[in-house]
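Here, each number is a calculation from the coordinates, and none is a lab measurement. The structure displayed is predicted, hence computed values, not measured ones. Glycine also receives a Cβ, built like all others from the backbone with ideal geometry; neighbour counts cover every protein chain displayed.
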Amino acid sequence: MTENEKNFTWEDYKREYMTPDEIKRLEREAASLCKLIELRDRLHLTQKDVSSLSGIKQPMIARLESGQVNARIRTVQKYLSSMGYTLAVIRKDDPEKIIMRFDED
């Protein structure tokens, strides 16, 4: 590995190889994953706890939280429901208006 390769940062990579839209999409995805982990942490639950509550295998939860998989809506809903949350579709221009909820029941 050359000295230049060692000094090539994530910021350098984004500037060099990604469009602004790709960067925004990636940042939104990362924020969503952080929110999932934050919800679990707030309840003092481990991945194993959520696995027991949701029926999702712990390795899948690890992959979901790390962004290694594009999870199905059903999987995300089971994950959220196990902690007392739900997934909903809302209007961007009217965040109070819920269009659809993905409830477990």
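Remarks
- Top-ranked residue of segment 57-83 - restricted to ones that are free of Cβ contacts under 8 Å to residues at least 24 places away in the same chain and not in a helix (DSSP H, G or I), ranked as nearest to Arg101 (Cα to Cα): Arg72
- Segment 17-36 residues that are without any contact (Cβ under 8 Å) to a residue 12 or more places away in the chain and among the charged types (D, E, K, R), paired with ones that are surrounded by 11 or more Cβ atoms within 10 Å (Cβ to Cβ) and part of a helix (DSSP H, G or I) (beta carbon under 9 Å, 6 or more apart): Glu22/Lys14
- Criterion violated by Glu38 - all others in (1) surrounded by 13 or more Cβ atoms within 10 Å (Cβ to Cβ); (2) under 15 Å from the mean Cα position of the chain (by Cα); (3) not small (Gly, Ala, Ser) satisfied: (1)
- Residue count for segment 53-105 satisfying the condition of being loosely packed, with under 13 Cβ neighbours inside 10 Å and hydroxyl-bearing (Ser, Thr, Tyr): 1.
- Exclusive hit being in contact with a Leu (Cβ under 9 Å, 6 or more places away or on another chain) and among the polar types (S, T, N, Q), set Thr46, Thr75: Thr75
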